[in-house]
Amino acid sequence: MSDQSFTDLLTQTATILTRNYSSSSKNSLGVPIETVTETTASEPCLMTNLGQKIEFDVRGEAQVATWLGFFKITAGLTLDSIVIFESIKYQVINIDDAAGQNHHYEVYLKKMENA
């Protein structure tokens, strides 16, 4: 699939946020303070409900993804990213370089509660 034909499939957009943790700024319990910054306002994507639950080990903790997003490799996503799609926040659970060809990302997502 050419890059242009793949890009044409990305008919939706999402906002990408990045969580940062400052080791120099800590709360009263000594936990680094989290700040969230907007990375991209209208990142092209294609989002779909998986219709099943897929479990991943994320930093030693089991996390369950129920959504899958397709993004360009240039989207700048990390495990500290939050994806906002149709006003709902999703935590990035896993990022796969589809087919290992550095072409696009398959991003597994979990709907965030209390977000």
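Quick note: the coordinates plus some simple rules give every number you see, no bench work behind them. What you are looking at is a predicted structure, and each value in this text was computed from that prediction instead of being measured. Every residue, glycine among them, receives a Cβ derived from its backbone with ideal geometry; neighbour counts consider all protein chains shown.
Numbers for the structure displayed
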{"read-out": "The chain - mean residue ellipticity at 222 nm from DSSP helices (-39,500 (n - 2.57) per run, n ≥ 4, rounded to 500)", "value": "-1500 deg cm²/dmol"}
{"read-out": "Residues with amide H under 5 Å from that of Met112, placed H, sequence gap 5 or more", "value": "Lys89, Tyr90, Gln91"}
{"read-out": "Pairwise FRET efficiency - Leu29 versus Ile95, Cβ, R0 = 35 Å, nearest 0.05", "value": "0.70"}
{"read-out": "Filtered trypsin sites (Lys or Arg not before Pro), the stretch 58-109: DSSP coil and at most 10 other beta carbons within 10 Å", "value": "Arg59"}
{"read-out": "Extreme residue, positive dipole direction of the chain, given options Leu79, Leu9, Leu46 (C-beta unit charges)", "value": "Leu79"}
{"read-out": "Contour minus Cα-Cα distance for Ile73 and Glu38 (0.36 nm per residue)", "value": "10.8 nm"}
{"read-out": "For the chain, size of Cβ-based charge dipole, Lys and Arg +1, Asp and Glu -1, in debye", "value": "320 debye"}
{"read-out": "Residue of Asp57, Asp96, Asp80 that the Gaussian network model of the chain assigns the largest fluctuation, springs spanning Cα pairs under 10 Å", "value": "Asp57"}
{"read-out": "Cα gyration tensor shape of the chain, rounded if a/c is under 1.5, else prolate or oblate by comparing a/b with b/c", "value": "prolate"}
